[in-house]
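Student: Handing you this structure, nothing more for now.
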Amino acid sequence: MKRLAIILVVLLAIVGFLGWAIFQDSGYVLISYDRFRYESSFWVFLGLIACLWLVALVVHWVLGLLYTSGTLANPWSRRHRARRVAKASQIGLRELAEGQWSQALSHLRTAAEHDHHPLVHYLGAARAASELGEYEQSDELLQEARKREPQATLAVGLTQAQLQIARGQYGEARESLNVLHADHPRHPYVLTLLQQLYVQLQDWPALCRLLPELHKHRVLPPARLSELELLTWTAALEQAGQAQGSAESDAQQSLNQRWQTVPNALRSEPLVVRAYADGLSRLGAEEKAEEVLYAALKRQFDDRLVERYGRVRGREPSRQLAHAEAWLKGHPENAELLLALGRLSLRNELWGKARDYLEASLRFEHRAETCAELARLLAQLGDNERSNRLFQEGLGLLDRSGGSQLQVISGS
C-alpha cells in the first residue's frame, strides 16, 4: 500500500511538471526535406514519438506470443519444432536398434540438425551410414559431431574406432585408438578396444606390452585376463618361432629374446613352454628344445609336454629315453607317455622295446598317431598284414574324430 502511494505521488509530480512545462511554452518543431514538411508544437511531437514507441512494444509482444504459441497459432513455432525433433529422435533410435539403417539415418540426421544437444543422434546416424557402406558420409557425421559438441571428443573417437574395426579398417582404427590412448591412458574402454584390435591383427608383441595396463586398470575380470595373458604369450612365442623369410639364427635369437620377456609366473605353463620348444625345434635347435621340455617336466608332469618330448631329438637319445622311463614309475598307464617312449625307443633303434611301448599305449587309448607309429614299425619288421590293419584303424579313428592328422598316418 505504501509502495502504491509512492508511485501515485511520483506520477502526479511528473504530470504536474509536464502541465507546467506545456503552459510555460508549447515549443515548435519543423521537419522539412525536399517537398515533405512537418511542423507542430514540441509537446505534440514528443507525444507522437511516445505513441510510436508504444506501438513498437505492442508489435514485439504480439510477435513473441505467436512465436512461443502452440501449433494452432503457429505450426512452425519453437515448441512444435521441439516436438518434431523428439519424434524424429525416438523413431530413429528405434529403427537403429531394429537394423533399419536407411530410415534410421534419415530420422537421426534430421534430429541432429535441429537439436541443441545432437551428439547421440550424430553417433547413431554415423553408425547407420557405416552399416549402409556410406563410409564417407559416416565420417562426415562424426566430424560434424565434433564441431557441434567439442567436449565429446572421447565419445566420438570411440565410436569412430568401433566403426573402423567393424569395417575392417584396422590401420585407421589403430591410429584412432593410439590418439585416444595418448589422451586417455587409463580409460577402460580405450584399452578394451586396443586389446580387441591387437587380437584381430594378431599383433601379439603389442598385446604383450598392453597386458600390464590391462592388469593395472582391471579392464577384464581376473579369470578372463589370466586366460588372455596365457594365450597371448603362447601366440607371441609361436609367432616368434616362425622364420618367415629371415635367417634361422636371427629367428632363433628373436625367439630367445621373446622368451626372456615372458613373465616368470608363465614360464612353467605347459602351453607357453610347448610353444617355445616348438619354435626351437622348428628353427633347428632341437637339443635346446629337449632341455627346455625336460626342465619343465621335472617341475610338473604334463601330457602335452610329454608328447613333445617324445618328438624332439636331444643331444643323447639314450639319456633322453632314460629320463622318460623314469617318469613311467609314477605314470604307468599314461598313453601319451607310452607313445613318447615308443618314439624314443625307435630313435635308439630298440625295435622290441618300441613295439612293447606302442602296443601298451594302444591298450590304454586308441589313437591315430599310435596306430601310425606301430604300423610303420610292424611294416619295417615284416608284419605287413597287421601293419595294414593298423593303418586302416588309424584312418577310421581320424574319420570319427574329424581330425586333420593324415600326415602322421602317411609317415610325413
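Student: What are the aspartates and glutamates whose alpha-carbon lies under 14 Å from the alpha-carbon of Lys353, with same-chain residues fewer than 8 places away excluded?
Tutor: Those aspartates and glutamates meeting the cut-off are Glu325, Glu373.
Student: Based on C-alpha coordinates, I'd like the Rg and Dmax of segment 155-310, in Å.
Tutor: 17.7, 55
Student: Please compute the per residue accessible area over the chain with all protein chains in place, 1.4 Å probe, rounded to a whole number of Å².
Tutor: Working: 24380 Å² over 412 residues.
Averaged over the residues of the chain, the accessible area is 59 Å².
Student: Once segment 150-217 is represented by equal point scatterers at the alpha-carbon sites, with solvent omitted, what log10 I(q)/I(0) does the Debye formula produce at q = 0.17, 0.20, 0.21 Å⁻¹?
Tutor: With no solvent term, the Cα-only Debye profile gives -0.55, -0.75, -0.83.
Student: At 1.4 Å probe size, what's the solvent-accessible area of Arg389? Round to the nearest 10 Å².
Tutor: 130
Student: Roughly how many Å is it from the Cα centre of segment 160-180 to that of segment 202-245, as a whole number?
Tutor: For segment 160-180 versus segment 202-245, the Cα centre distance is 20 Å.
Student: Taking chymotrypsin sites (Phe, Trp or Tyr not before Pro) as candidate sites, keep only those in a DSSP loop with at most 10 other Cβ atoms within 10 Å, then name the longest stretch of the chain containing none of them.
Tutor: It works out to 77-412.
Student: Show that you can apply the helix-only estimate: for the chain, add -39,500 (n - 2.57) for every DSSP H stretch of four or more residues, divide by all residues, and state [θ] at 222 nm to the nearest 500.
Tutor: -24500 deg cm²/dmol
Student: Among Ile7, Val273, Gln137, flag the residue with its Cα farthest along the positive direction of the charge dipole of the chain, charges on Cβ as +1 for Lys/Arg and -1 for Asp/Glu.
Tutor: Result: Ile7.
Student: Can you give the longest stretch of the chain with no exposed loop site, where a site means GluC sites (Glu not before Pro) in a DSSP loop (not H, G, I, E or B) with at most 12 other C-beta atoms within 10 Å?
Tutor: Values: sites that count: Glu333, Glu349.
Excluding the exposed sites themselves, the longest stretch runs over 1-332.
Student: Sticking with this one: So if I take the centroid of the Cα atoms in segment 284-322 and the same for segment 79-127, what is the distance between those two points in Å?
Tutor: Each part's Cα centre sits 64 Å from the other's.
Student: When Lys and Arg each count +1 and Asp and Glu each count -1, what net charge do the other residues less than 12 Å away from Leu119, Cβ to Cβ, add up to?
Tutor: 0
Student: Provide the net charge surrounding Leu132, with neighbours chosen by a C-beta distance below 14 Å and charges set as Lys +1, Arg +1, Asp -1, Glu -1.
Tutor: So the surrounding residues net to -3.
Student: At 37 °C and 0.692 mPa s, grab the translational diffusion coefficient of segment 180-251 from Stokes-Einstein with a Kirkwood Rh over Cα pairs, rounded to a whole number in µm² per second.
Tutor: D = 250 µm²/s.
Student: Out of the total accessible area of segment 261-400 (probe 1.4 Å, heavy atoms of protein only), what percent is carbon and sulfur?
Tutor: Of the solvent-accessible surface of segment 261-400, carbon and sulfur hold 44 percent.
Student: Residue separation times 0.36 nm, minus the C-alpha to C-alpha distance between Lys216 and Asn256: what's the value?
Tutor: My answer for the length gained is 11.7 nm.
Student: Moving on. Binning at 10 angstrom from zero up to the longest distance, how are the C-alpha pair distances of the chain distributed in percent?
Tutor: Taking all Cα pairs of the chain, the binned fractions are 4, 13, 15, 13, 11, 10, 9, 6, 4, 3, 3, 3, 3, 1, 0 percent.
Student: Among the lysines, which fall within straight-line cross-link reach of Lys288, defined as a Cα-Cα distance under 21 Å, with same-chain neighbours fewer than 8 residues apart omitted?
Tutor: Lys288 reaches Lys298.
The values are calculated or read from the model by the stated rules, or taken from the named source; none is laboratory data. Nothing here was measured: the structure is a model prediction, and the numbers come from that model. Positions of Cβ are generated from backbone atoms using ideal geometry, with glycine treated the same way; all protein chains shown enter the neighbour counts. Only protein heavy atoms, including side chains, enter the accessible area calculation; ligands, DNA and RNA are left aside. Shrake-Rupley method; radii C 1.70, N 1.55, O 1.52, S 1.80 Å.
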